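Chemist: Before we start, here is the structure in question, set down as structure tokens.
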Amino acid sequence: MTLFTPTSKWQLEEHQLFSESVKKFYSDEVKPKLEQWGEQQRVDRKLWNKAGDAGILGGSVPEEYGGSGGDLGFDAIALYELGRTAGDSGSWGYAIQSIVIHYINAYGTDEQKQKWLPKLSTGEYVSALAMTEPSTGSDVQSIKTVAERDGNQYKINGSKIFITNGGSADLIVLAAKTNKHEKSKGVSLIVVETKNLEGFKRGKPLKKLGQKGNDTCELFFEDSKVPLTNLLGPEEGKGFYQLMKQLPWERLAIGIGALGNIDFALEETIKYVKDRKAFNQRIMDFQNTRFKLAEMKTKAEVLRSFINDCVDRVKMGTLDASTASMAKYWGSQTQNEIMDGCLQLHGGYGFIMEYPIARMYADARVQSIYGGTNEIMKELIARSLDD
């Protein structure tokens, strides 16, 4: 199984070659270490440097900023194969690195791109995107973190929660209010480098239901000062607009990752039911097993076609918010349904963490929550029907 379909419009020979190299990297460097990372609640720091050396982090970064100069298809492949090859549903926060890179590439000045993109592409810097706050959830307009001008710096006060890569991030794209009297028009994006940043603290790694290998934590800012030149974009108050423009890629990324994990889970489950016997026959030979697998495989192929169409649209710049919301909602919903079905076919062994399906079942649950809950996705889709 691959990300591509026989009719994928966006697939080029370079994408296929990249796919093969990514598979080998994940097989060697990610898959064998997922259990270890789960126990230590973070991936090894050197993984980022190795991924940078392999060209995985900078696949869509322009060559003049230290990347490979490819298109978003390269990021899509890296996201898909992380699930498909390694069965990683989120231990490694590659998706966030990709998202942050696109924020800086889309809105950064040439100086900002020259400063940060090479470090993100090589893995010298690990990044995080800090939007969510303890009291706001998906409502970015109501954030309380404030960035006030103080001479030639911003003084930042506030906190963020559920931040992927938060425990290791060297660079954070932070959503803050530069005008606390406004809602959406008061939000700005500010790039924060964490090294030696006064007033900046990280909370302890959050104990999560799944994705335990990812260092997710709370971040705290108390009179932390960063240069005014770290504002992302031409002027203050554009942050909400920037977020809304980039969220379609983030939401599509969730759908792409869902497909990769579905393909891995189905393959593992098919192997299991072919080997396991009950009542003197293979589990695979029971009609219920065959019908359940047929249903799950069909859902996977329908999702694959839709995801490929969305990748084609995002490359052309025509992926709209409602379609991206469908990819996120349907992808994560389908992923959770299939993980549940695959676990059930494993019987009691599906409940044992030695089997990948147990971890993948737990990891999948958050897919319908982050990136905007699926309830929010349905609302966004519904609004498009009333245009």
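Chemist: Could you figure out which of (1) in a loop (DSSP other than H, G, I, E, B); (2) charged (D, E, K, R); (3) modelled with pLDDT under 95 isn't true of GLU236?
Modeler: Failing condition for GLU236: (3).
Chemist: Within the range 145-198, work out how many residues are surrounded by fewer than 16 Cβ atoms within 10 Å (Cβ to Cβ), outside any helix (DSSP H, G or I) and touching a residue at least 40 places away in the same chain (Cβ under 8 Å).
Modeler: Residues that pass the stated criteria total 6.
Chemist: Let me ask something additional. Would you confirm, using the coordinates I've provided, whether LEU34 is in contact with a His (Cβ under 9 Å, 6 or more places away or on another chain), aliphatic (A, V, I, L, M) and either farther than 20 Å from VAL311 by Cβ or surrounded by fewer than 24 Cβ atoms within 10 Å (Cβ to Cβ) (or both)? Spell out the reasoning first.
Modeler: Values: in contact with a His (Cβ under 9 Å, 6 or more places away or on another chain): no; aliphatic (A, V, I, L, M): yes; either farther than 20 Å from VAL311 by Cβ or surrounded by fewer than 24 Cβ atoms within 10 Å (Cβ to Cβ) (or both): yes.
When the stated conditions are applied, LEU34 does not pass them.
Chemist: Right, another one. Out of curiosity, is GLY73 surrounded by 21 or more Cβ atoms within 10 Å (Cβ to Cβ), among the small types (Gly, Ala, Ser) and out of contact with any Leu (no Cβ under 9 Å at 6 or more places or on another chain)?
Modeler: Working: surrounded by 21 or more Cβ atoms within 10 Å (Cβ to Cβ): yes; among the small types (Gly, Ala, Ser): yes; out of contact with any Leu (no Cβ under 9 Å at 6 or more places or on another chain): no.
No; evaluated as a whole, the condition is false for this residue.
Chemist: Something else now. Filter the range 132-144 down to the residues that are surrounded by 17 or more Cβ atoms within 10 Å (Cβ to Cβ) and touching a Lys or Arg at 6+ places or on another chain (Cβ under 7 Å) and list them by number.
Modeler: If the condition is that a residue be surrounded by 17 or more Cβ atoms within 10 Å (Cβ to Cβ) and touching a Lys or Arg at 6+ places or on another chain (Cβ under 7 Å), then THR132, GLU133, ILE143 are the ones that fit.
Chemist: Filter the range 109-122 down to residues that are surrounded by 22 or more Cβ atoms within 10 Å (Cβ to Cβ) and in contact with a strand residue (DSSP E or B) (Cβ under 8 Å, 6 or more places away or on another chain) and give me whichever is farthest from PHE240 (Cα to Cα).
Modeler: If we take residues in the range 109-122 being surrounded by 22 or more Cβ atoms within 10 Å (Cβ to Cβ) and in contact with a strand residue (DSSP E or B) (Cβ under 8 Å, 6 or more places away or on another chain), then LEU120 is farthest from PHE240 (Cα to Cα).
Chemist: Within the bounds of the range 213-235, is there any residue that is within 23 Å of the chain's Cα centre (by Cα), among the basic types (Lys, Arg) and in the same structural domain as LYS160 (by TED's automatic domain parsing)?
Modeler: Checked the range 213-235: no residue is within 23 Å of the chain's Cα centre (by Cα), among the basic types (Lys, Arg) and in the same structural domain as LYS160 (by TED's automatic domain parsing).
Chemist: Could you grab me the full set of residues in the range 251-289 that are assigned to a loop (DSSP other than H, G, I, E, B) and on the phi < 0 side of the Ramachandran plot? Full working, then the answer.
Modeler: The initial filter retains those residues of the range 251-289 that are assigned to a loop (DSSP other than H, G, I, E, B), namely 276, 279-280, 286.
ARG276, PHE286 - these are the residues of the range 251-289 that are assigned to a loop (DSSP other than H, G, I, E, B) and on the phi < 0 side of the Ramachandran plot.
The values are calculated or read from the model by the stated rules, or taken from the named source; none is laboratory data. As the structure is a prediction and not an experimental result, all values here were calculated from the model. Virtual Cβ from ideal backbone geometry, glycine too; neighbours counted across all protein chains shown.
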